[in-house]
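The structure appears right after this line, and notes come after that.
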Amino acid sequence: MLLFIINRLIQAAGAVVVMSMLVFIGLYLIGDPTAMLVSPEANDLERAAVRQAFGLDQPIWMQYLTFVGNAARGDFGRSFLTGQPAMQLILERMPATIEMVVVAIGFAVLVGVPLGMLAGLRPKAASSKAVMTVSILGFSLPTFWIGLMLIMFFSVYLGLLPSSGRGSTVSVGGLSLSVLTPDGWRHLILPALTLGLAKAALIIRVTRAATREVLPMDYIKFARAKGVRPRRVVGVHLLRNILIPIVTVTGLEFGQAVAFAVVTETVFAWPGMGKLLIDSIIILDRPVVVAYLVLMVFFLIMLNLVVDILYMAIDPTAREKVRD
């Protein structure tokens with residue numbers, strides 16, 4: 001297990017280096033950030049002074065090596081726009097994104113697993129067909145369209161929920177959380193529901209497929225032949241053996257939602273990391289973009305490691321494969 005974790009950490013370091021290099025080169029080729037930072041009326045001398053102040057007058061390889069050297073010390077540079085440390089800007093926005101994703105994934109699991117099991121246990125029932133039809137719609141419809149429809153219905157027509165912002169927050173250990181206030185929940189419901197519906201649709205389909213695969217297994221037939229109550233067969237024997245794909249998909253979707261909740265945060269003006277990324281890309285704020293992507297790559301790799309460890313905890317045969 002220790003060698004497995006060390007190997008993953010080495011892979012993480014390599015992936016972060018390669019990704020940072022690609023992003024750095026890509027942003028360099030897109031354009032000159034000084035065009036966004038200085039007035040259109042500025043002369044060439046003023047533009048050159050700005051480029052020199054930000055180190056943009058150096059060759060790309062020199063800029064990258066400087067970035068790597070500073071990043072090794074935990075310094076990812078300062079935002080071209082605000083002058084604040086890039087990583088500090090990202091970490092300040094992280095609690096907003098994390099809490100929205102946690103609520104969304106929690107909703108997706110609580111809704112998706114029972115409905116998926118229902119569709120798998122009774123595939124020919126009308127209720128199961130209705131569940132699968134809804135899951136196909138939820139999986140196919142664009143996230144931004146779902147968000148706009150929810151805003152139109154709950155905010156414009158009914159006037160029940162706010163359509164933007166985060167609402168009031170409470171500081172806990174230096175983190176600003178909106179899930180601890182009623183007003184925060186009112187602002188959180190729509191973006192979390194928008195993100196959660198698509199995730200729930202995927203979990204429904206995965207759970208149904210896993211249920212259909214496990215039902216014909218001998219241990220399920222044996223449990224039924226012994227007279228085990230149907231509820232226990234489903235809740236213990238069936239559920240335990242379909243957890244592996246559910247945990248895997250949920251973990252991957254959680255990481256993807258944290259890293260790429262850009263559309264949802266933009267639609268609802270949610271002050272999270274995704275909106276910060278979009279704003280930074282627009283003005284070519286290279287330190288913020290690179291720091292964000294480096295952090296997300298590391299986060300996704302660590303999340304995959306946690307998922308693999310959970311996978312081995314659930315399935316003993318996986319531990320044997322690691323030892324081999």
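The values are calculated or read from the model by the stated rules, or taken from the named source; none is laboratory data. For clarity, every value in this text was computed on a predicted model and none was experimentally measured. Heads up, the Cβs are rebuilt from the backbone with ideal geometry, glycines too, and the neighbour counts pull from every protein chain shown. Accessible surface is based on the protein model in full, side chains and every heavy atom, while ligands, DNA and RNA are left aside. Shrake-Rupley method; radii C 1.70, N 1.55, O 1.52, S 1.80 Å.
Summary table
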| item | result |
| --- | --- |
| Subset of segment 72-93 that is assigned to a helix (DSSP H, G or I) and surrounded by fewer than 18 Cβ atoms within 10 Å (Cβ to Cβ) - its residue that is nearest to the chain's Cα centre (by Cα) | Leu91 |
| Residue in segment 279-287 that is out of contact with any strand residue (DSSP E or B) (no Cβ under 8 Å at 6 or more places or on another chain), in contact (Cβ under 8 Å) with a residue 40 or more places away in the chain and open to solvent by less than 10 Å² (accessible area, probe 1.4 Å) present | yes |
| Matching residues, segment 100-126, being part of a loop (DSSP other than H, G, I, E, B) and among the small types (Gly, Ala, Ser) | Ala125 |
| Subset of segment 58-71 (residues that are more than 18 Å from Gly26 (Cα to Cα) and open to solvent by 40 Å² or more (accessible area, probe 1.4 Å)) | Asn70 |
| Segment 94-141, subset among the charged types (D, E, K, R) and free of Cβ contacts under 8 Å to residues at least 60 places away in the same chain, residue most open to solvent (accessible area, probe 1.4 Å) | Lys124 |
| Condition met for Ala209 (under 19 Å from Leu137 (Cβ atoms) and surrounded by fewer than 18 Cβ atoms within 10 Å (Cβ to Cβ)) | yes |
| Residue selected from segment 150-175 under the condition within 22 Å of the chain's Cα centre (by Cα) and open to solvent by 50 Å² or more (accessible area, probe 1.4 Å), by the criterion modelled with the lowest pLDDT | Leu175 |
| Residue within segment 176-196 that is in a loop (DSSP other than H, G, I, E, B) and open to solvent by less than 30 Å² (accessible area, probe 1.4 Å) present | yes |
| Positions within segment 225-276 being open to solvent by less than 20 Å² (accessible area, probe 1.4 Å) and among the hydroxyl-bearing types (Ser, Thr, Tyr), in sequence order | Thr264 |
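Rundown of residues vs (1) modelled with pLDDT under 80; (2) farther than 27 Å from Thr143 by Cα, yes/no style:
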position	(1), (2)
Val214	no, yes
Lys226	yes, yes
Val267	no, no
Leu300	no, no
